[in-house]
Amino acid sequence: MLWTSIATGKRPYKHGVHGFSEPDPVTGGIRPVTNLFRKTKAVWNILNENALDTITVGWWPSNPAEPLSRGVMVSNDYQRAKGKDTEKWPLKPDACHPVRLEKHLTGLRFLAAELSE
């Protein structure tokens, strides 16, 4: 709720995000929160509509990455690793916009275990 309130300037009852999880309309279960339930514009949407470029990286929750005519969005799902092999670590669909950046951004990720002191 908090991150969406910061991004929109609105309280949860206005922006529509009420916690860390949300109903999954596909499976009928629960999934981690996405931006799909957000009912109001975020600051990057407002700036984009006013012909200003924006770069939003890892904002929670920003998945799926929103298409912006002026700017870049890398969602909070960009860094989510599946397994321990970075060679077999595909970028999740809709993790970044524009799509032309996917190949470059995929090569920039690393696992926490790869960091040294």
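The values are calculated or read from the model by the stated rules, or taken from the named source; none is laboratory data. Note that the structure is a prediction, hence the values are computed from the model and not measured. Cβ sites come from the backbone with ideal geometry, for glycine too, and all protein chains shown count toward neighbours.
Residues in region 32-69 that are in contact with a Lys or Arg (Cβ under 9 Å, 6 or more places away or on another chain), exposed (fewer than 13 other Cβ atoms within 10 Å of the Cβ) and among the aliphatic types (A, V, I, L, M): how many?
Residues meeting the conditions: 2.
Quick check on my filter: what residues within region 80-98 are surrounded by 13 or more Cβ atoms within 10 Å (Cβ to Cβ) and either of a type outside the set (Phe, Trp, Tyr) or modelled with pLDDT of 85 or more (or both)?
Step one: filter region 80-98 for residues surrounded by 13 or more Cβ atoms within 10 Å (Cβ to Cβ), giving 80-81, 86, 89, 91-92, 94-98.
Of everything in region 80-98, those that are surrounded by 13 or more Cβ atoms within 10 Å (Cβ to Cβ) and either of a type outside the set (Phe, Trp, Tyr) or modelled with pLDDT of 85 or more (or both) turn out to be Arg80, Ala81, Thr86, Leu91, Lys92, Asp94, Ala95, Cys96, His97, Pro98.
Go through (1) of a type outside the set (Ser, Thr, Tyr); (2) part of a helix (DSSP H, G or I); (3) surrounded by 12 or more Cβ atoms within 10 Å (Cβ to Cβ) for Asp77 and report which single condition fails.
Result: Asp77 fails condition (2) only.
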